[in-house]
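The structure under discussion appears below in the form of structure tokens.
Only the coordinates and a few stated rules stand behind these numbers; no lab work does. Here the structure is a predicted model, which is why all the values come from computation and not from measurement. A quick note on method: Cβ atoms are made from the backbone with ideal geometry, for glycine too, and the neighbour counts reach across all protein chains shown.
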Amino acid sequence: MQTTIRSAISFSGVGLHSGKPARLTIRPASAEYGVWFKRTDIAVGDAMVPARWDATEHTPLCTRIFNRVGVSVSTIEHVMAALVGCGVHNALIEIDGPEVPILDGSAAPFVRGILDRGVRDLDTEVRVIEILAPVEVRTDQGWARLEPGSGGLTMDFHIDFADKAIGTQNMSLDLRNGTFVRELCDSRTFCRQADVDAMREQGLALGGTMNNAVVVDGDKVLSPGGLRHPDEAVRHKMLDALGDLALAGAPILGHYTGHKAGHTLTNLLLRKLFSTPGAFRMSAVSAETAARLPGAGVNRHEIPAVA
Ligand SMILES: [Zn+2]
């Protein structure tokens with residue numbers, strides 16, 4: 001069954017890059033609606049922005065979507081990951097500013113809010129995007145691939161940073177049975193102190209603090225309290241990838257591999273997938289397959305306590 005959130009829930013905070021405060025409200029929506037953002041601060045013209053791969057700008061630091069009149073919403077990836085990770089297929093997300101609040105830098109506050117409200121079945125079957133043939137994109141940064149899987153969504157991710165506090169990290173996950181909630185949702189955005197300085201010079205990361213991002217410098221973690229997981233960085237990259245893959249518009253059945261991949265690569269991968277004949281098919285899923293999707297089997301009590 002397709003689903004939506006049972007009742008509206010709001011979150012307030014500043015955006016990581018803009019530093020601008022915003023109030024975001026996730027509202028229930030009907031079957032087949034998908035996920036749309038609505039800029040409630042835009043009084044004139046089209047304020048609706050679709051959470052779709054083909055409405056996405058290539059921005060290395062966050063995922064920004066825009067509509068045909070140029071109205072945009074930035075840094076949507078964590079709330080999108082929370083929706084897919086909690087199995088919410090349809091929602092209207094109202095926001096009164098240009099950027100989603102960064103909150104604690106992870107998706108855990110969104111997950112807690114969504115699971116507090118609960119998820120409601122809608123009387124319409126779920127359609128999925130089943131990967132039938134491998135597609136891959138490469139840049140000088142890294143590569144990303146989607147290939148046929150074993151009946152759900154599985155992910156491998158590899159990162160490799162010069163800073164010893166991050167270093168080389170690998171993780172493989174099968175996202176069934178609430179794995180996202182247990183393993184990924186509380187992992188925070190991370191960055192290197194040197195990047196923070198460079199971003200500030202470009203007018204970015206203006207809302208970033210040691211409390212909403214893990215900042216590292218060489219072998220040191222500068223953020224107070226240290227890491228939530230020794231491999232928090234790769235977990236966060238997987239959280240981001242799940243949020244970016246959610247822009248496909250339907251759950252993906254297949255295997256994703258990210259090798260030093262980021263927002264741009266995952267979006268290029270979706271663009272390639274949808275422009276490659278025979279690489280995918282849309283189909284209704286059986287109850288057995290639906291039970292393997294990332295949002296099935298989530299449990300509020302499994303949100304890590306640290307978050
Ligand atoms: Zn992120």
Taking the square root of 5λ for each eigenvalue of the C-alpha gyration tensor of the stretch 63-111, the equivalent ellipsoid has semi-axes, largest first and in whole angstrom, of 19, 13, 9
Quick check of the Kirkwood formula: for the stretch 116-209, what is the inverse mean of 1/r over all pairs of different Cα atoms, in Å?
17.4
Of Y33, Y256, how do they rank once you tally other Cβ atoms within 10 Å and put the fewest first?
Y33, Y256
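Add +1 for every Lys or Arg and -1 for every Asp or Glu among the other residues with Cβ under 11 Å from the Cβ of R281, and state the total. It would help to have the intermediate numbers written out before the result.
Numbers: positive: R127; negative: E130.
Net local charge, R281 excluded: 0.
Take every Cα pair under 8 Å in the chain that's 6+ residues apart, average their separations, divide by the length, and report that relative contact order as a whole percent. Could the numbers behind the result be given before it?
Working: 785 pairs, mean separation 81.5, N = 307.
Contact order relative to length: 27 percent.
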Please give the net charge around V214, taking every other residue with its beta carbon less than 13 angstrom from that of V214, where Lys and Arg add +1 and Asp and Glu add -1.
-1
Provide Rg and Dmax in Å for the stretch 161-307, with only Cα atoms included in the calculation.
17.3, 51
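In the stretch 2-302, what percentage of the DSSP-assigned beta bridges are antiparallel, given to the nearest 5?
Details: 45 of 63 bridges.
Antiparallel bridges make up about 70 percent of those DSSP assigns within the stretch 2-302.
Please give the net charge around E32, taking every other residue with its beta carbon less than 13 angstrom from that of E32, where Lys and Arg add +1 and Asp and Glu add -1.
On the way: positive: R127; negative: D123, E125.
So the environment of E32 carries a net charge of -1.
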The distance between the Cα centres of the stretch 107-155 and the stretch 254-287, in whole Å, is 9
Ranked T189, T179, criterion: other C-beta atoms within 10 Å, fewest first
T179, T189
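So if I average 1/r over every pair of distinct C-alpha atoms in the chain and take the inverse, what Kirkwood radius in Å does that give?
Working: mean 1/r = 0.0521 Å⁻¹.
Answer for the chain: a Kirkwood hydrodynamic radius of 19.2 Å.
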Could you give each residue of the stretch 204-211 its phi-based ³J(HN,Hα) in whole Hz, using Karplus coefficients 6.51, -1.76, 1.60 with θ = phi - 60°, and x for Gly or Pro?
10, 6, 5, x, x, 9, 5, 9
Please build a GNM for the chain, connecting alpha carbons under 10 Å apart, and tell me which residue among G178, G258, G297 fluctuates the most.
G297
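Would you please put 132-143, 263-274 in order of how densely packed they are, using the mean number of other Cβ atoms within 10 angstrom per residue and starting with the highest? Before the final figure, lay out the partial values.
Working: 132-143: 14.6, 263-274: 21.2.
Per-residue Cβ counts within 10 Å, averaged per peptide and sorted highest first, yield 263-274, 132-143.
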Tell me which residues come under 5 Å, amide H to amide H, from L253 once H is placed; ignore anything under 5 positions away on its chain.
I129, E130, I131
Taking 8 Å as the Cα distance limit and 6 or more residues as the minimum spacing, I'd like the relative contact order of the stretch 205-307 as a percentage.
16
